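**Student:** Mind looking over this structure? Questions follow.
The values are calculated or read from the model by the stated rules, or taken from the named source; none is laboratory data. Only a predicted model underlies this, so the values are computations on that prediction, with no experimental measurement involved. Reconstructed Cβ throughout: ideal geometry from the backbone, glycine too, with neighbour counts over all protein chains shown. These area figures cover heavy atoms from the full protein model, side chains too; ligands, DNA and RNA do not enter into them. Shrake-Rupley method; radii C 1.70, N 1.55, O 1.52, S 1.80 Å.
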Amino acid sequence: MTSRTDVLVMGAGPAALCIVAELVEQGLAVTALASHTPEQPWPNTYGIWAEELESLGMASLLGQRWTNTVSYFGDGDNEEGLAPIQHHFDYGLFDPAALQDSLLSRCGELSWNVETAVSIKVLGRDTEVLCHSGNAYRARVVIDASGHRSRFIRRPDHGPVAEQAAYGVVGRFSSSPVESGQFVLMDFRPDHLSDEQREKPPSFLYAMDFGEGIFFVEETSLACAPPLSWSELRERLHARLSHRGVEIKEVIHEEYCLFPMNLPLPDRRQPLLAFGGAASMVHPASGYMVGALLRRAPALAKHLAMALAVEPPLDSSALAREGWQVLWSPELVQRHRLYQFGLRRLMSFDEARLRSFFATFFRLPREDWAGFLANTLPLPRLLMVMLRLFLLSSWEIRLGMLFGASST
């Protein structure tokens, strides 16, 4: 069986639903396929600064919201280390079911084909996706939104890919792991670690009060290659809690996260388009992506709709190039390279340098650090923010930013 459509989207996660919803709203004929149905619950939590979602008119999709948002960058062994940095900026978690239902409702009557793609061929005006079942699907352009592990998207090899790993627990505890009503973005206090452990790649606590005696605590590493193991992060989380006299009394849910932070940008000349993790849209500095999906999907869908209407018709390769030009404009490429440069420098820092760096970073004006983390700063302003951060930093951090900590 072979079916033909305007756009075929592969995947059933947030990226796939975001782009499908926008394509459908453009009036395009869309086929979607994935190895599982889009109604399958999403297992991970998705965080976002509330103002970022408010700017999109989607604040109702937040399941939790915190006004008391803090971080800890001291060493924890002195009074300074016990004092949190107040962010004065609301943070929220998506209600994953609400986000999923909202996007599915915008997809209309579209049904997903539960299939596993085995090969993709460009046939001039069309691209054909052959599935394990023997079914073949043809479309004017194909978008791979199946995640960063896609084997169909070509990208350059820049060496080992650094990944962010996290292990978390939603549960009940012997005492509150964070203050009532509080959200902790980063707790880098290392006072629970031995000197030997402090020589290893650092990690931090990401935690929040869900109310009714339920908390979420997650031990998170920045980018590492190879990444820290979940067993190492679990051990660190338990050591951190134990040091503060806190025991886990009930585990409601365990969360395991692992995703690339410095995945190279795809080859934008290839005839297959991508979106989401497959398109390297994870923010190299913060690890966030859902906000970018919601912001960037409309422009991509609108441009594809115009390109599909061109006469004489563009072939599949030309349509994919049109999409890549919108998804990764020259400015977005330059911003991505700046973020990746910064990430490489941070990966060379030990925990003491990281604590110093982040304490300085959050001394920037809120609109600067928030825009940096959301990737909403225009390139000239991003450069100015990075320069301001450099000038605010200590000489040790400045040298590390220039040459890497191993050179200082």
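**Student:** Does Leu383 meet the test of being in contact (Cβ under 8 Å) with a residue 24 or more places away in the chain, open to solvent by 70 Å² or more (accessible area, probe 1.4 Å) and not β-branched (Val, Ile, Thr)?
**Tutor:** yes
**Student:** Being touching a residue at least 60 places away in the same chain (Cβ under 8 Å), assigned to a loop (DSSP other than H, G, I, E, B) and of a type outside the set (Gly, Ala, Ser) is the filter here; which residues of the range 1-42 pass it?
**Tutor:** Scanning the range 1-42 gives Met1, Gln26, Leu28, His36, Thr37, Pro38, Glu39.
**Student:** Identify, from the list His148, His158, the residue that is open to solvent by 40 Å² or more (accessible area, probe 1.4 Å), within 21 Å of the chain's Cα centre (by Cα) and closer than 30 Å to Leu314 by Cα.
**Tutor:** Criteria check complete, one pass: His148.
**Student:** What tally of residues in the range 171-199 results from selecting those that are open to solvent by 20 Å² or more (accessible area, probe 1.4 Å), not in a loop (DSSP other than H, G, I, E, B) and not polar (S, T, N, Q)?
**Tutor:** 4
**Student:** Out of the range 227-248, which residues are part of a loop (DSSP other than H, G, I, E, B) and within 10 Å of Ala165 (Cα to Cα)?
**Tutor:** From the range 227-248, those part of a loop (DSSP other than H, G, I, E, B) are 227-229, 244-247; that's our starting set.
Matches in the range 227-248: Pro227, Leu228, Ser229.
**Student:** How many residues does the range 261-276 hold that are open to solvent by less than 10 Å² (accessible area, probe 1.4 Å) and either of a type in the set (Gly, Ala, Ser) or over 25 Å from Leu319 (Cβ atoms) (or both)?
**Tutor:** The number of residues fulfilling the criteria is 3.
**Student:** If I ask for residues that are open to solvent by less than 20 Å² (accessible area, probe 1.4 Å) and under 16 Å from Ala274 (Cβ atoms), which ones from the range 115-139 would you list?
**Tutor:** Within the range 115-139, Ala117, Thr127, Val129, Ala139 meet the criteria.
**Student:** Name the residues in the range 372-397 that are among the aliphatic types (A, V, I, L, M), in a helix (DSSP H, G or I) and under 18 Å from Ala292 (Cα atoms), would you?
**Tutor:** Those that are among the aliphatic types (A, V, I, L, M), in a helix (DSSP H, G or I) and under 18 Å from Ala292 (Cα atoms): Leu373, Ala374, Leu379, Leu382.
**Student:** Oh, and also: Taking the range 92-109 only, how many residues are in contact with a Leu (Cβ under 9 Å, 6 or more places away or on another chain), within 17 Å of Leu8 (Cα to Cα) and assigned to a loop (DSSP other than H, G, I, E, B)?
**Tutor:** 1
**Student:** With the requirement that a residue be under 21 Å from Pro260 (Cα atoms) and in a strand (DSSP E or B), what does the range 202-222 give you?
**Tutor:** Those that are under 21 Å from Pro260 (Cα atoms) and in a strand (DSSP E or B): Ser203, Phe204, Leu205, Tyr206, Glu218, Glu219, Thr220, Ser221, Leu222.
**Student:** Restricting attention to the range 178-201, report how many residues are hydroxyl-bearing (Ser, Thr, Tyr) and in contact (Cβ under 8 Å) with a residue 12 or more places away in the chain. Outline the logic, then answer.
**Tutor:** The initial filter retains those residues of the range 178-201 that are hydroxyl-bearing (Ser, Thr, Tyr), namely 180, 194.
Next, from what is left, pick out any that are in contact (Cβ under 8 Å) with a residue 12 or more places away in the chain: 180.
Number satisfying all stated conditions: 1.
**Student:** Further, regarding this structure: Phe89 versus (1) open to solvent by 60 Å² or more (accessible area, probe 1.4 Å); (2) closer than 19 Å to Ser286 by Cβ; (3) part of a loop (DSSP other than H, G, I, E, B): which is the lone unmet condition?
**Tutor:** (1)
**Student:** Can you find even one residue in the range 57-75 that is farther than 21 Å from Ala374 by Cβ and surrounded by fewer than 19 Cβ atoms within 10 Å (Cβ to Cβ)?
**Tutor:** Yes, that holds for at least one residue.
**Student:** Considering each of Phe216, Phe210, Phe204 in turn, give the residue that is of a type in the set (Phe, Trp, Tyr), touching a residue at least 24 places away in the same chain (Cβ under 8 Å) and crowded, with 22+ Cβ neighbours inside 10 Å.
**Tutor:** Being of a type in the set (Phe, Trp, Tyr), touching a residue at least 24 places away in the same chain (Cβ under 8 Å) and crowded, with 22+ Cβ neighbours inside 10 Å holds for just one of Phe216, Phe210, Phe204, which is Phe216.
**Student:** So, one more: If a residue has to be in a helix (DSSP H, G or I), aromatic (Phe, Trp, Tyr) and in contact with a Phe, Trp or Tyr (Cβ under 9 Å, 6 or more places away or on another chain) to count, how many in the range 339-371 make the cut?
**Tutor:** Residues in the range 339-371 being in a helix (DSSP H, G or I), aromatic (Phe, Trp, Tyr) and in contact with a Phe, Trp or Tyr (Cβ under 9 Å, 6 or more places away or on another chain): 5 in total.
**Student:** Before we move on, is Ala29 modelled with pLDDT of 95 or more, open to solvent by 10 Å² or more (accessible area, probe 1.4 Å) and small (Gly, Ala, Ser)? Quick ask: steps written out before the conclusion?
**Tutor:** Numbers: modelled with pLDDT of 95 or more: yes; open to solvent by 10 Å² or more (accessible area, probe 1.4 Å): yes; small (Gly, Ala, Ser): yes.
Spelling it out, Ala29 is indeed modelled with pLDDT of 95 or more, open to solvent by 10 Å² or more (accessible area, probe 1.4 Å) and small (Gly, Ala, Ser).
**Student:** Right, next: Go through (1) assigned to a loop (DSSP other than H, G, I, E, B); (2) open to solvent by less than 40 Å² (accessible area, probe 1.4 Å); (3) in contact with a strand residue (DSSP E or B) (Cβ under 8 Å, 6 or more places away or on another chain) for His283 and report which single condition fails.
**Tutor:** It fails just one condition, (3).
**Student:** Output the residues belonging to the range 120-145 that are within 21 Å of the chain's Cα centre (by Cα) and not small (Gly, Ala, Ser).
**Tutor:** Ile143, Asp144
**Student:** Tally up the residues in the range 307-332 that are open to solvent by 10 Å² or more (accessible area, probe 1.4 Å), in a helix (DSSP H, G or I) and closer than 18 Å to Ala279 by Cα, please.
**Tutor:** Number satisfying all stated conditions: 9.
**Student:** Within the bounds of the range 337-360, is there any residue that is under 21 Å from Ala145 (Cβ atoms), among the acidic types (Asp, Glu) and either surrounded by fewer than 17 Cβ atoms within 10 Å (Cβ to Cβ) or out of contact with any Gly (no Cβ under 9 Å at 6 or more places or on another chain) (or both)?
**Tutor:** no
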